[in-house]
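> I am attaching a structure below and will ask some questions about it afterwards.
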Amino acid sequence: MSVGSAAWEVLLPAAGAPARARGRALQAALREAVRSGRLAPDTRLPSSRNLAADLGVSRGLVTEAYEQLTAEGYLRSGRGAGTWVGGATRSARPRVRDLAPRAPGAVADFVPGTPDLSLFPRAAWAAAQRGVLAELPHQELGYPDPRGLPRLRTALAELLARRRGVVADPERLLVVSGVAQATTLLAFALRARGIGTVAVEDPGSPQHNDLYAAAGVTTVPLPLDDEGPAVGPLRASAARGVVTTPAHQYPTGIACSARRRAELLDWARSVDGFVLEDDYDGDFRYDRAPVGALQGLDPERVAYAGSVSKSLAPGLRLGWLLVPEALADEVVERKRTMDLGHPTLDQALFARFVERGDYDRQLRRCQRAYRERRDALVAALEEHFPGSRVSGIAAGLHVIAVLPRRYAPEADFLARVAAAGIAVRALAECAHAGTSGYEDVRLVLGYAHLAPARIREGVRLMAEAAGG
């Protein structure tokens, strides 16, 4: 194939574009041909006159395309030497991958952490969006206060004080992209204050280690007892910060006792340190009213973080952070330099959603659904794994299931259920050392994203695969 015919085939579709767009289409087609390698480096292109005649366009369009791509570095030319494909381009065609954390192809997926995304209130959310677009002042589409829109911070402060018992000063409340960003902001603030080590619950959420490490803060494992994080090892450590989930510990399901709450705060005051409270599912308690947040006992020693990831959807990337006054300036400045603030349309939409009572209705809806699903899971475990027990309080979106010893060793059990296409998480995966030391099988089973019938069928299939 000649160079001229190659260029003609590549560019001919662009020549058929509407007249006003033909020049841009020609440039785009030529640029893509060079990027993809269809026009190889050091290939001489037809003269503008010949190519224009072949394509049936004006010579001016071809000349303009050659000049534009020469300026961009895709082509090169010299007086009397013609136009050539440049040698600077080395881009391969991009490969689009989906790195979202999922269990593809699972027959039954009990991996914890995901709410039922079908419960997302699309109609109410769309109505709030229409209302916001109609009423939002033009100036609020500019760069926002890095802490968040005053309207949303005010609405969130009222909501959190009413539902979670926090001391919520809107001036010290930040709108963030979920608890992950809240954790990162706190890590940078602690490091700036000279705090280089924090204790994290063991077992606990694996993401805490990675987020603090990314900010240059070291984490040390903190064992748990029946009342929450063990204070003795905390006092013996070099840590001046502790990350905890006191309303419903992840993953063990422990609720931090009143005595342990007081001991954690006494420790923080004694070392001039801070408690970092992750209230990831504090709204969901099924046997009684939720216990209030630890932050309400001492807002100057406790930083409080939460999000809509369990109540609405994690993909919204929307959360909040209440900070002690000592950390406020550093956290706000770090938020400003990190992203210049959360998107204003999203903030205004959520503010309206909260103000009109839609968020409270959504929480009640999720509460009913998740309680029913937890009951279904507990009943299914009793039926298909006789002698098993569920530990932890009746709350949240997961349970710890302790199976009888006849299903051990755990590695064999996990291999059998995985081979059957059933996704589960072992409690040992949440431990710092990565090994449990348990003689029985202990699983962290998520249920919120599964309908009751699917839960019952999944447990039946798991028991079938496990044998015993």
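The values are calculated or read from the model by the stated rules, or taken from the named source; none is laboratory data. Computed from a predicted structure; not experimentally measured. Backbone-built Cβ (ideal geometry, glycine too); neighbour counts: all protein chains shown. Heavy atoms of the whole protein, side chains included, go into the accessibility calculation; ligands, DNA and RNA do not. Shrake-Rupley method; radii C 1.70, N 1.55, O 1.52, S 1.80 Å.
> Please work out the C-alpha center-to-center distance from the range 99-151 to the range 403-468 and express it in whole Å.
Computed from Cα coordinates, the inter-centre distance equals 32 Å.
> Want the number for Y286 to L12: 0.36 nm per residue separation, take away the alpha-carbon distance, what's left?
Working: separation 274, 0.36 × 274 = 98.64 nm, distance 6.61 nm.
Length difference between fully extended and current span is 92.0 nm.
> Rounded if a/c is under 1.5, else prolate if a/b is larger than b/c, else oblate: which is the range 270-384, with a ≥ b ≥ c the root eigenvalues of its Cα gyration tensor? Can you show the working numbers first?
Numbers: a/c = 2.41, a/b = 1.47, b/c = 1.64.
Note, shape of the range 270-384 comes out oblate.
> What is the spin-label model distance, in nm, from R95 to R259 if the labels are put 7 Å beyond Cα along the C-beta direction?
5.8
> Out of the total accessible area of the range 299-446 (probe 1.4 Å, heavy atoms of protein only), what percent is carbon and sulfur? Write out the running numbers ahead of the final one.
Working: 2760 of 5960 Å².
For the range 299-446, the apolar C and S fraction of the accessible surface comes to 46 percent.
> Something else about it: Based on DSSP H runs of at least 4 residues, each adding -39500 (n - 2.57), what is the mean residue ellipticity at 222 nm of the chain after dividing by all its residues, to the nearest 500 deg cm²/dmol? Each step should come with its number before you reach the end.
Details: 15 runs with 201 residues, N = 468.
Dividing the helical sum by the residues of the chain leaves -13500 deg cm²/dmol.
> Taking Cα extents along the principal axes in Å straight from the coordinates, which label in (1) 81, 47, 44; (2) 62, 52, 33; (3) 87, 56, 46 is the correct one?
Given (1) 81, 47, 44; (2) 62, 52, 33; (3) 87, 56, 46, the structure-derived one carries the label (3).
> Let me see the pair-distance distribution of the range 350-468: every alpha carbon pair, 5 Å bin width, integer percents in order.
Result returned by the calculation: 2, 11, 19, 22, 17, 11, 7, 5, 4, 3, 0.
> Could you work out the equivalent-ellipsoid semi-axes for the range 115-255, taking the square root of 5 times each eigenvalue of the Cα gyration tensor, largest first, in whole Å? Please list the in-between numbers first.
Details: eigenvalues 235, 77, 41 Å².
Ellipsoid half-lengths, sorted descending, are 34, 20, 14 Å.
> Turning to a different aspect of this structure: Run the numbers for R460 and A19: contour at 0.36 nm per residue of separation, minus the present Cα-Cα distance, in nm. Don't skip to the answer; put the middle values down first.
Values: separation 441, 0.36 × 441 = 158.76 nm, distance 6.46 nm.
Going from the current span to full extension adds 152.3 nm.
> A further question follows. Got a sec to turn the phi values of the range 348-365 into Karplus ³J(HN,Hα) couplings, 6.51 cos²θ - 1.76 cosθ + 1.60 with θ = phi - 60°, whole Hz, x for Gly and Pro?
These are the phi-based 3J(HN,Hα) values: 5, 5, 5, 4, 4, 4, 6, 4, 8, x, 5, 5, 4, 5, 5, 4, 5, 4 Hz.
> Here's something else I'd like to know. Relative to the longest principal Cα axis of the chain, at what angle does helix 3-15 sit, 0 to 90 degrees, rounded to 10?
So the inclination is approximately 70 degrees.
> Work out which trypsin sites (Lys or Arg not before Pro) in the chain are exposed loop sites (DSSP not H, G, I, E or B, at most 11 other Cβ within 10 Å) and give the longest gap free of them. It would help to have the intermediate numbers written out before the result.
Details: sites that count: R79, R90, R95, R97, R288.
Here the longest run is 98-287.
> Something else now. Can you give the extra length, in nm with one decimal, that the chain gains between V390 and T63 once fully stretched, where that is 0.36 nm per residue apart less the Cα-Cα distance?
Values: separation 327, 0.36 × 327 = 117.72 nm, distance 7.48 nm.
Once the chain is fully extended between V390 and T63, it gains 110.2 nm.
> Under 16 Å from a label point 7 Å along Cα→Cβ of A451: give me every residue in the range 97-140 with its amide N that close.
Once the point is set 7 Å along Cα→Cβ of A451, 108-109, 116-120 turn out to lie under 16 Å by backbone N, inside the range 97-140.
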